[in-house]
C-alpha cells in the first residue's frame, strides 16, 4: 500500500541526520546511516533492487525497465543529511493548512515567529499547506523533501507496473552539507546515462550549473598577558583574526553578492586572547 509523499516526508524528518564537519567517520553521524538503512529497506519492500553500501553510507537502487528497446537509464539523487548549523534532531513538524498570510507563531513559549516581514517569500504560498517546525530545529526539507519525492516516484512505478518506463537508478548520499557527499560515490556502480539531483529550489526550477567552493580554517596563536603589564607583550588572537577578516573585500560577502559574483563567507569564529 502506498503512502502520501507528505507522510513519507514527516517520517524521514523524524530521524535526526545532521552531518558533522568535525567528525572523521563515514558517514559523519550515525543518524545518516539509520535513515539510509530505512530507505534501502523501504525500496526493497516496494520491489526495487536496493542496498546500503556500509563503507560509504550510500544507498544504491535500481528499478528495472519494463519496456522493450534501448532506452537511456535515468538517475535520481538526493542527500540524507541536514545542515550542521542548526539541530536536526527532535523535529516537531506542524502543518499549516491553507496559509492565509501574516505571522506564523512557531513557538509562543519562546516567542519564535515566522513572519513575512522577515521572509517576504511567504507571500508566494498563500492558500497552500505549509510544513513548519516549532522553531528550535531545522525542518530538514533540505534534502528530505527530495528524498521523499524520489521515494514517492519509485513507489508510483513499482506499485503500478502497467506504467511504462526505462531503467531507473536511485542514490541517496550522506554528508552533502559538509562537502563530502560525492567523495565515495561510485559513478560506474550507479550506472545512469544521465541523472538529476533533487534538492532545494523553487517549484519547477531546473539548475544546469553548480557553484565551486573551497574552505579554509585560520588558527591564530596569541599570547595572553595580564592587562596591567601587557604593553608590548600581549598578542590578542581575536584582534588578529578580526584584522585578517578586515583585509578581505568588504562587499564580497553573501549579504551583497548575487548571480555569478563570488564571495568570502565567515562561517564561524571562536576564541579568546590566546
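The values are calculated or read from the model by the stated rules, or taken from the named source; none is laboratory data. For clarity, every value in this text was computed on a predicted model and none was experimentally measured. Cβ sites come from the backbone with ideal geometry, for glycine too, and all protein chains shown count toward neighbours.
Do we have residue 47 as surrounded by fewer than 18 Cβ atoms within 10 Å (Cβ to Cβ), in contact (Cβ under 8 Å) with a residue 40 or more places away in the chain and farther than 19 Å from residue 87 by Cβ here?
Values: surrounded by fewer than 18 Cβ atoms within 10 Å (Cβ to Cβ): yes; in contact (Cβ under 8 Å) with a residue 40 or more places away in the chain: yes; farther than 19 Å from residue 87 by Cβ: yes.
Spelling it out, residue 47 is indeed surrounded by fewer than 18 Cβ atoms within 10 Å (Cβ to Cβ), in contact (Cβ under 8 Å) with a residue 40 or more places away in the chain and farther than 19 Å from residue 87 by Cβ.
Which residues, counting only those in the stretch 63-103, are under 28 Å from residue 193 (Cα atoms), surrounded by 15 or more Cβ atoms within 10 Å (Cβ to Cβ) and either more than 23 Å from the chain's Cα centre (by Cα) or not assigned by TED's automatic domain parsing to the domain that holds residue 35 (or both)? 63, 65, 73, listed by residue number. When restricted to residues that are surrounded by fewer than 18 Cβ atoms within 10 Å (Cβ to Cβ) and in a loop (DSSP other than H, G, I, E, B), the stretch 104-133 contains 13. Scanning the stretch 22-44 for residues that are without any contact (Cβ under 8 Å) to a residue 40 or more places away in the chain and under 30 Å from residue 215 (Cα atoms) yields 22, 23, 24, 25, 30, 34.
Of the residues making up the stretch 146-159, one or more are within 28 Å of residue 267 (Cβ to Cβ) and in contact with a helix residue (DSSP H, G or I) (Cβ under 7 Å, 6 or more places away or on another chain).
Quick one: how many residues across the stretch 142-197 are assigned to a helix (DSSP H, G or I) and either closer than 29 Å to residue 18 by Cβ or not assigned by TED's automatic domain parsing to the domain that holds residue 14 (or both)? Even if it seems obvious, please write down each step before you answer.
Within the stretch 142-197, the subset assigned to a helix (DSSP H, G or I) is 142-158, 176-178, 187-190.
Cutting the leftovers down to either closer than 29 Å to residue 18 by Cβ or not assigned by TED's automatic domain parsing to the domain that holds residue 14 (or both) gives us 142-155, 176-178, 187, 189-190.
The qualifying residues number 20.
Restricting attention to the stretch 168-182, the residues that are within 10 Å of residue 58 (Cβ to Cβ) and at pLDDT below 95 total 2. Filtered by the rule that a residue be surrounded by fewer than 17 Cβ atoms within 10 Å (Cβ to Cβ) and at pLDDT 95 or above, the stretch 11-23 gives 11, 14, 23.
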